[in-house]
1. With a cut-off of at least 1 residues that are aliphatic (A, V, I, L, M) and closer than 30 Å to B:Asp235 by Cα, name the helices (runs of 4 or more DSSP H) lying wholly within the stretch A:220-282.
2. Consider B:Ser179 carefully, then state whether it is closer than 24 Å to B:Glu279 by Cβ, touching a helix residue (DSSP H, G or I) at 6+ places or on another chain (Cβ under 8 Å) and not aliphatic (A, V, I, L, M).
3. Which of the residues belonging to the stretch A:236-259 are more than 7 Å from chain B (Cβ to nearest Cβ) and among the charged types (D, E, K, R)?
4. Just to be sure I understand, how many residues within the stretch A:178-217 are in a helix (DSSP H, G or I), over 26 Å from the mean Cα position of the chain (by Cα) and of a type in the set (Lys, Arg)?
5. Any idea which of (1) in the same structural domain as B:Lys243 (by TED's automatic domain parsing); (2) more than 25 Å from A:Asp214 (Cα to Cα) is the one B:Arg146 doesn't satisfy?
6. Report the residue count in the stretch B:81-129 for those that are closer than 27 Å to B:Ser47 by Cβ, of a type in the set (Lys, Arg) and at pLDDT 95 or above.
7. Is it true that A:Leu140 is in contact with a Leu (Cβ under 6 Å, 6 or more places away or on another chain), surrounded by 21 or more Cβ atoms within 10 Å (Cβ to Cβ) and closer than 21 Å to A:Asp64 by Cβ?
8. For B:Ile42, indicate whether it is more than 14 Å from chain A (Cβ to nearest Cβ) and in contact with a Pro (Cβ under 8 Å, 6 or more places away or on another chain).
Number of protein chains: 2
Amino acid sequence: MFKKILIIGCGLIGSSILKNSIKNKLSKNIYVYEKSKKNIKIIKKISRGIKFINNLNKDIEDIDFIIICTPMSEYNSIFSKLNKLLFKNSIITEVGSTKRNLIKFTKNKNLVLSHPIAGSEVSGPEFGNKNLFYNKWCILINKGKRKKIKLVKKFWQKLGSKVILMNEKEHDKIFAITSHLPHLIAYNLIKTAQDFQKIEKRNLIKYSAGGLRDFSRTAASNEVMWRDIFFSNKDNMINTINKFIQNLNLIKKNIKNKKDKQLKSILVNSKKVRKQIIETKQDVSKPDFGRNI
Amino acid sequence: MFKKILIIGCGLIGSSILKNSIKNKLSKNIYVYEKSKKNIKIIKKISRGIKFINNLNKDIEDIDFIIICTPMSEYNSIFSKLNKLLFKNSIITEVGSTKRNLIKFTKNKNLVLSHPIAGSEVSGPEFGNKNLFYNKWCILINKGKRKKIKLVKKFWQKLGSKVILMNEKEHDKIFAITSHLPHLIAYNLIKTAQDFQKIEKRNLIKYSAGGLRDFSRTAASNEVMWRDIFFSNKDNMINTINKFIQNLNLIKKNIKNKKDKQLKSILVNSKKVRKQIIETKQDVSKPDFGRNI
């Protein structure tokens, strides 16, 4: 499909692409650019065939497919190098979680913006998983050359993704609510629990199997990546936070005034979403009693 | 250990106790009182030895251990019957998730209050799991006769629980933050996503693998049980909601003003809680890529 693939930044997402590309033989020449020495050591164990590129300023003239998998805060520096070097027929894509902030980089006519909806609380190549994208959505932004978008779409499909196109505004609005706000809320809940632990001066956390446990998983996600996302999607974040607080005040009022019917209708309604999530194969219906049962 | 055990209300918790009691032969005579015909049908399949009691007004004179596993809103009706009938040496316990509201029932000198920290988003005897309590905390409230508390403690230990005693105020404060607030927040997040879906007039839920998915699981929990909990722990709920909103406004401000250092320090700190949760064996460290990988 491609003669030479380069993965820039080889953490969880990069190494998962790497493993899948090797397994599915997507290219004979797979290169990695990675700054962390610790990560390089781990990546070397994945396969002997991987070659490393040490300098984005010169070694990339003949690469025809580049996937950028670094935190978005590194894009400025990366594109300042790529813009100078790439030849016309190459394709660049990236995997950032917000898109309006990345439109400026599409001045580079080789770039197609992607967002694979896959991730985990862990980061780093030691967790790379070739099945990470299997049956997961991958959003492509419908900006740029049709032909290049088509090839990037094919690439994600080979990795097992279901690909859909949308524009950058739609994308940022949707993922503010289905991904960014849930993470922010998880972080906030854990912070609130920490504050209580300090006040109460006793270990509350050890009783967290009743619910807090699951939020702590989400709130253990990579802080650089999430800082970048929250800043890049600022106005959608503020808007969703405001709506969230508005709803929370409504529930509080219902509890305060023991409004039985109103409260129960909110609780019952949320089951419908669970049903939708299972029907659209975003989760399995198998009950969860904690991951050690 | 007991001659005759009676389980009142045989949903997820009741049927899990039932299954474990049968497996560990905790009594030769295990009775169930259950109002739902659908549930009775399912329970009959668990074991042929189970006997049903049809009337709490008369059939329970010689039961020496009763476990109430109904929603707390049914306790008034249940205790009005039990108070008349039980003999001196019998023991009653229950599994409600809040405790200050139940202290009034301890006028019945047979009662010991328990709270097994185990549950799931599913309810009903079809999900009963004999390992549900294994290695999970069970809180006993230190009110009532020492001897009876000791026997109830032994019972939960036989089911695999780690038992700890505390008073009802401590209990309600701790579980407001480790269990009740997380559930309320999950419900509120799902409601907020539903509101956005209505406004946007498109299916957002199908993109929920990025985080919303996990909250939807928690928010699919039984609505009667959680309505009862939120009402019973009203003042702690209001207090924790207020702290939560205060923190959320702080994060919002940090995003609005791009306060890099402040935001990142909140995100980094939350990983410490995750570490504590794994160290105290409230969860396993195995990464979660979604439950279908």
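The values are calculated or read from the model by the stated rules, or taken from the named source; none is laboratory data. Given the structure is predicted, the values throughout are model-derived calculations rather than measurements. Cβ placement follows ideal geometry from the backbone for every residue including glycine, while neighbour counts extend to all protein chains displayed.
1. A:234-256, A:260-279
2. Numbers: closer than 24 Å to B:Glu279 by Cβ: yes; touching a helix residue (DSSP H, G or I) at 6+ places or on another chain (Cβ under 8 Å): yes; not aliphatic (A, V, I, L, M): yes.
The answer is yes for B:Ser179.
3. Residues satisfying the conditions are A:Lys253, A:Lys259.
4. Final tally of qualifying residues: 2.
5. It is condition (1) that B:Arg146 fails.
6. 0
7. On the way: in contact with a Leu (Cβ under 6 Å, 6 or more places away or on another chain): yes; surrounded by 21 or more Cβ atoms within 10 Å (Cβ to Cβ): yes; closer than 21 Å to A:Asp64 by Cβ: yes.
Spelling it out, A:Leu140 is indeed in contact with a Leu (Cβ under 6 Å, 6 or more places away or on another chain), surrounded by 21 or more Cβ atoms within 10 Å (Cβ to Cβ) and closer than 21 Å to A:Asp64 by Cβ.
8. Details: more than 14 Å from chain A (Cβ to nearest Cβ): yes; in contact with a Pro (Cβ under 8 Å, 6 or more places away or on another chain): yes.
The answer is yes for B:Ile42.
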